[in-house]
Amino acid sequence: MFFRKRQVYIPPGSLGFSILRHKDRAMAKASRPYQILAKPIGSICNLSCDYCYYLRKDGLYPGEKSFRMPDDVLEAYILQHIETYPDPVINFSWHGGEPTLLGLDHFRKIVELQRKHKPPEGQIINGMQTNGTLIDEDWCRFLAEEGFAVGISLDGPEGMHDSHRLTRAGNPTHKQAMQGYELLRKHGILCDILCVVHSKNVHHPAEVYRFFKQIKGSYISFLPLVEPQADRDAGVSSRTVPPDAFGAFLCAIFDEWMNRDIGRVKIQMVEEAARTALGQEHALCIFKKTCGDVPVIEHNGDFFPAITSLTRNTISGISVKPGWLI
Ligand code: SF4
């Protein structure tokens, strides 16, 4: 847990406290910079990718009428994040579901609240992870003006992307995602690519990597799909990337990157490997010795220690209610 015990703040509802009460007391600084994945619209998404584990997280809140983060929780979160952040450059990460479903006005409110609570010498940097399909000119103007960094989910060329990333009606999404990506690039917005590696694209590393180079991707993260499935002999789903194949995929991309693209393309996995070689600490939480460096705040203010532990039985640190960390 990255907060030292005396620096922990209490999420809404736990021990009968409201998150708003903490506006009245000075917040201690965290011991080091941190990232929180904020879910201002919970797991609500306009797509229905068949491998998405997060869509089902609405089951954590049966009967919930709205998954929009209420204004008072939003302001309390922004205030506490700013107050506890130990550096003058303060990072926010907005995730979903699909955060653009909240609409531009909601994000305008977010930056207004950040300006309201930011210390005079502080600087806010916002990041947003999107599927890209709802990005239009208005979004791009706003994101460019406010200096947002954007991560966009693309699983490679059309056929590989559309093998899993579908609308609720089962329609493909690559075309819309690419339109969003091109618009973001046109507006000069820093745009990272997040590629889920699954059983369909893992055997085509050159095709996947060259596609990303062709669309001028400059920072690429490859995320292996692993879906536990107890009723299969393998213990994982058929979509899951086989470990050997994932290793071969990364090696093939590394070879091509080393021959042609050093200094032009950044690959998160390569950077992580280089960190070890250089004796540096890993930046990516899955490689760290302990989990919990990237906690999650859900739409209602519930606070979880990690994206992988959003269950009602999550108990970490001092747990006063299943699923809530204090
Ligand atoms: S776009 Fe992201 S949140 Fe939406 S269904 Fe696909 S993987 Fe899940």
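Just so it is clear, none of the values below were taken in a lab; they were calculated from the coordinates. Quantities reported herein were computed from a predicted structural model and do not represent experimental measurements. All Cβ positions, glycine included, derive from the backbone under ideal geometry; neighbour counts span all protein chains shown.
Summary of values
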item: Ordering of 272-285, 153-166, 32-45, 232-245 by packing [mean C-beta count within 10 Å, highest first]; result: 153-166, 32-45, 232-245, 272-285
item: 5 Å-binned pair-distance histogram of the range 90-198 (Cα, whole percent); result: 2, 12, 22, 24, 17, 12, 7, 3, 2, 0
item: Formal net charge of residues neighbouring ALA144 (Cβ-Cβ distance under 15 Å; K, R +1; D, E -1); result: -2
item: Using θ = phi - 60° and Karplus 6.51 cos²θ - 1.76 cosθ + 1.60, couplings along the range 211-226 (whole Hz; Gly, Pro as x); result: 4, 5, 5, 4, 8, 6, x, 10, 9, 10, 10, 10, 10, x, 7, 10
item: Under 5 Å, built H, 5+ apart or other chain: amide partners of ILE125; result: ILE90, ASN91, PHE92
item: Relative packing of 126-135, 110-119, which averages over residues the other C-beta atoms within 10 Å, highest first; result: 126-135, 110-119
item: Gyration tensor over alpha-carbon atoms, the range 148-281, equivalent ellipsoid semi-axes in Å; result: 24, 22, 13
item: Calculated diffusion of the range 70-140, Stokes-Einstein form, Kirkwood radius summed over Cα pairs, 10 °C and 1.306 mPa s, µm²/s; result: 122
item: Normalised per residue, the volume of the convex hull around the Cα set of the range 131-176 (Å³); result: 79
item: Taking the chain and dividing mean pair separation by its residue count, relative contact order in percent (alpha carbons under 8 Å, at least six apart); result: 20
item: Per-residue HN-Hα couplings for the range 262-275 [Karplus 6.51, -1.76, 1.60; θ = phi - 60°; Hz; x = Gly/Pro]; result: 4, x, 10, 10, 10, 10, 4, 5, 5, 4, 5, 5, 5, 4
item: Descending Cα extents along the principal axes, the range 239-292, whole Å; result: 35, 32, 15
item: Cβ-based exposure ranking for TRP94, TRP139, TRP257, in which fewest neighbours within 10 Å come first; result: TRP257, TRP94, TRP139
item: Added length on full extension, which subtracts the Cα-Cα distance from 0.36 nm per residue, ASN46 to ASP138; result: 31.3 nm
item: Computed E for ARG32/ARG260 - FRET, C-beta separation, R0 51 angstrom, nearest 0.05; result: 0.90
item: Share of alpha-carbon pairs per 20 Å distance bin for the chain, given as whole %; result: 29, 60, 11
item: Unpaired by the 4.7 Å Cβ criterion, cysteines found in the chain; result: CYS45, CYS140, CYS191, CYS195, CYS251, CYS285, CYS291
item: Under the Karplus curve 6.51 cos²θ - 1.76 cosθ + 1.60, θ = phi - 60°, whole-Hz ³J(HN,Hα) for the range 40-57, x wherever Gly or Pro sits; result: x, 10, x, 9, 6, 9, 7, 10, 9, 4, 6, 9, 6, 7, 7, 4, 6, 5
item: Scaled radius of gyration (Cα, divided by 2.2 N^0.38 Å) that the range 159-236 gives; result: 1.27
item: Reachable aspartates and glutamates from LYS186, criterion Cα separation under 13 angstrom, eight or more residues apart if same chain; result: ASP136, GLU137, ASP138
item: Inter-probe distance in nm under a simple model that places probes 7 Å from Cα toward Cβ, at ILE125 and GLN280; result: 1.3
item: Förster radius 41 Å - calculated FRET efficiency between LYS109 and ALA248 (Cβ-Cβ, nearest 0.05); result: 0.30
item: Greater than 32 Å apart at Cα, pairs in LYS65/LYS289; LYS39/LYS213; LYS116/LYS213; LYS57/LYS216; LYS39/LYS266; LYS116/LYS216; result: LYS65/LYS289; LYS116/LYS213; LYS57/LYS216; LYS116/LYS216
item: Label-reachable residues, the range 240-282, where backbone N falls under 20 Å from a point 7 Å from ARG56's Cα toward its Cβ; result: 240-242
item: Furthest towards positive pole of dipole, ALA234, GLN268, CYS291, structure part the range 217-308, Cβ charges; result: GLN268
item: Full-stretch length increase - GLU207, VAL226 - with 0.36 nm per residue and alpha-carbon distance subtracted; result: 4.7 nm
